[in-house]
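K.L.:
Before we start, here is the structure in question, set down as structure tokens.
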Amino acid sequence: MEIKKTVASHKFEKSLSELSPFEIKGTLIELANTDAKKSTRQFLNAGRGNPNWVATTPRDAFFLLGQFAMTEARRIYEDTSVGLAGIPASESIADRFETFIKENISTPGAKFLSDAYVYEQKLPDAQPDDIVHEWVEGILGDQYPTPDRILKYTQLVLREYLALEMGDGKDMETVYDLFATEGGTAGMCYAFDSLARNKLVNKGDRIALMSPIFTPYIEIPELDRFSFDVVTISANSVDDAGFHHWQYPKEEIDKLRDKSIKLVCLVNPSNPPSYEMSPETVAQIVDVVKNDNPDLMIITDDVYGTFVDGFRSLMYELPHNTMCVYSFSKYFGATGWRLAVIAMRHDDNIFDKLIARLPEQDKVSLNRRYESLTTDPAKMKFIDRMVADSRMVALNHTAGLSTPQQIQMELFALASILDKEKAYKKRMIQLIHQRLNALWETTGFTLSPDPLRAGYYSQIDIMVWAKKIYGDEFAKWLSKSYEPLDFVIRLAKETAVVLLNGDGFDGPLWSVRASLANLDTASYLKIGKAIRSILDQYYSLYKTSGSSTKK
């Protein structure tokens, strides 16, 4: 059934466009479900980036480790009548673990646990009993997280993982302090909160956002608490044919040379275009920092970096200036686990230096804030201040990500480290690109090869293809006659397909974002066909109505 354009629908779309795309999604799902129920069409939701896979080996290891942990608890004490057991002891626990693995070696996850145990013994100052005891207490969750920022061996393993996946294995020397958080979203909240509490950014300060970008990075600066003056760095480069590169022109990056810009936030690879920053852009940002804006603070959100072979984060190009937020949710199919880390250079970073340079009255105020935690609060690292701020300082002694979450995160990281052939990574990249190609195949649009494309999402600028397929006059009519949000509403209501509006991510007005993670390949063939059918429908209306059609 064709949607009729009315004043009411125009007003509805106009009001809806003021919302975050994730809030609009609820309306789109309702419309798509309604269409699916009254037709033979299948409801297809490619609006959210929740993957439809789970990494099995580290999960098998987690549950097997849990079984060993329970035997250790029962070894100390057990009251079967009510279901009580004791707290595991560390003495000779490694010997008992080795015996347990030998007895269960054919169980899924056992071989991996054995290899992980051998690997961790090679870490600095590692002791077998300490490794296994941290695993056991961690998976049982019988103690507060200690250290509160991140468990000892979890941090050592995750440093290796980040060097491998975020540094392309080429920088194993730079040491990072890590803060385990409840997913990347918590990491974002903690970062912005502590930046403000420690006077590194103040209300009304100028910051930059590299767009298109994950919507919360747009919305947080607008909150009354921050009210930042936002400078947009746009990935608006196009080739001679008018196709998007989703890269940043030199003149856009040059905006960062303005020393009044205190902070820049980026997602790399980007969300929603899903492209890694080009080496030329990275080199230019390095030049900006080294020659013009040395105090620039950088937050890079690198959750999709694992979907690009040879990815290298800014955290390894500009370790002095960069805070990295990395989430395990997408790569390992673990959004429900809420697993992420904030990484900052251990011994030399701009965040700590800027705190040391604050005016004396600000230092006095901050010393009062943290004086209950240390006898010398002035020397307290910014990353440790984030941990304290996450629990309003007063509850710092109970801060930290739950220990079972940290153990699962550690096992995820070990799965990549021990996968010397990168079989899992290759399969992930292959799977995502297979779906991406299926989506574009049935649109009739052309997807040019690009080694910088991650492909976890695809951002399609409908207006580009309107011009390419049906001409400039049609594109002008479409822009004049309909709200940009009309496309995703029409798509949901008439084809039962849910995509998000790309302009909600500060992308082109008529762009749409499809997640390539949460449906099978056949579904993306249907989605591509649906996208093209809606564009063709607009063209049919254009031929019927003529270019004089007005709102």
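K.L.:
For residues in the stretch 147-162 being under 19 Å from the mean Cα position of the chain (by Cα) and in contact (Cβ under 8 Å) with a residue 40 or more places away in the chain, which is nearest to I407 (Cα to Cα)?
P.N.:
If we take residues in the stretch 147-162 being under 19 Å from the mean Cα position of the chain (by Cα) and in contact (Cβ under 8 Å) with a residue 40 or more places away in the chain, then L158 is nearest to I407 (Cα to Cα).
K.L.:
Only one residue in L439, L509 is of a type in the set (A, V, I, L, M, F, W, C), touching a residue at least 12 places away in the same chain (Cβ under 8 Å) and not in a loop (DSSP other than H, G, I, E, B). Which one?
P.N.:
L439 is the lone residue from the list that is of a type in the set (A, V, I, L, M, F, W, C), touching a residue at least 12 places away in the same chain (Cβ under 8 Å) and not in a loop (DSSP other than H, G, I, E, B).
K.L.:
Please tell me if S448 is more than 30 Å from Y117 (Cα to Cα), small (G, A, S), modelled with pLDDT of 95 or more and not in a helix (DSSP H, G or I).
P.N.:
Taking the combined requirement at face value, the residue does not satisfy it.
K.L.:
While we're here: Can you name every residue in the stretch 164-211 that is open to solvent by 20 Å² or more (accessible area, probe 1.4 Å) and among the hydroxyl-bearing types (S, T, Y)?
P.N.:
Scanning the stretch 164-211 gives T174, T185, Y190.
K.L.:
Oh, and also: Which pairs turn up if I take residues in the stretch 78-95 that are in contact (Cβ under 8 Å) with a residue 60 or more places away in the chain and look for partners that are part of a loop (DSSP other than H, G, I, E, B) and open to solvent by less than 90 Å² (accessible area, probe 1.4 Å) with beta carbon separation below 7 Å, at least 6 apart in sequence or on another chain?
P.N.:
Filtered contacts from the stretch 78-95: no entries.
K.L.:
A further question follows. Answer with yes or no whether K262 is part of a strand (DSSP E or B) and over 19 Å from the mean Cα position of the chain (by Cα).
P.N.:
yes
Residue-wise test of (1) in contact (Cβ under 8 Å) with a residue 60 or more places away in the chain; (2) within 30 Å of L266 (Cα to Cα); (3) open to solvent by 50 Å² or more (accessible area, probe 1.4 Å).
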position: R490; (1), (2), (3): yes, no, no
position: G504; (1), (2), (3): yes, yes, no
position: A522; (1), (2), (3): yes, no, yes
position: G528; (1), (2), (3): yes, yes, no
position: Q537; (1), (2), (3): yes, no, no
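K.L.:
Hey, among L500, L516, which residue is open to solvent by less than 50 Å² (accessible area, probe 1.4 Å), modelled with pLDDT of 95 or more, closer than 17 Å to A46 by Cβ and touching a strand residue (DSSP E or B) at 6+ places or on another chain (Cβ under 8 Å)?
P.N.:
L516
K.L.:
When the residues of the stretch 20-48 are filtered to those that are part of a loop (DSSP other than H, G, I, E, B) and open to solvent by 10 Å² or more (accessible area, probe 1.4 Å), which remaining residue is nearest to L499 (Cα to Cα)?
P.N.:
The selected residue is R48.
Residues are listed down the side, and each one gets a yes or a no for (1) open to solvent by 30 Å² or more (accessible area, probe 1.4 Å); (2) assigned to a helix (DSSP H, G or I):
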position	(1), (2)
E280	yes, yes
I285	no, yes
V289	no, yes
D295	yes, no
G310	yes, no
M315	no, yes
C324	no, no
Y331	no, no
M344	no, no
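K.L.:
Does the stretch 463-481 contain at least one residue that is assigned to a loop (DSSP other than H, G, I, E, B), open to solvent by less than 10 Å² (accessible area, probe 1.4 Å) and over 19 Å from D239 (Cα atoms)?
P.N.:
no
K.L.:
Now a separate question. Just wondering, is there one or more residues in the stretch 212-232 that are among the polar types (S, T, N, Q), open to solvent by less than 10 Å² (accessible area, probe 1.4 Å) and out of contact with any Ser or Thr (no Cβ under 9 Å at 6 or more places or on another chain)?
P.N.:
no
Residue-wise test of (1) of a type in the set (A, V, I, L, M); (2) open to solvent by 10 Å² or more (accessible area, probe 1.4 Å).
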position	(1), (2)
L401	yes, no
Q406	no, no
M409	yes, no
K426	no, yes
E441	no, yes
F445	no, yes
D450	no, yes
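K.L.:
Please tell me if A191 is aliphatic (A, V, I, L, M) and outside any helix (DSSP H, G or I).
P.N.:
no
K.L.:
Starting from the stretch 108-131, take each residue that is open to solvent by less than 10 Å² (accessible area, probe 1.4 Å) and list its partners that are not in a helix (DSSP H, G or I), counting only C-beta distances under 6 angstrom and pairs at least six apart or across chains.
P.N.:
Listed pairs, sorted by first residue: A110/N104; E120/A126.
The values are calculated or read from the model by the stated rules, or taken from the named source; none is laboratory data. None of the values given here were measured: they were computed from a predicted structure. All Cβ positions, even for glycine, are placed from backbone atoms using ideal geometry, and neighbour counts span all protein chains on display. To get the accessible areas, we keep the full protein, side chains included, count just its heavy atoms, and leave off ligands, DNA and RNA. Shrake-Rupley method; radii C 1.70, N 1.55, O 1.52, S 1.80 Å.
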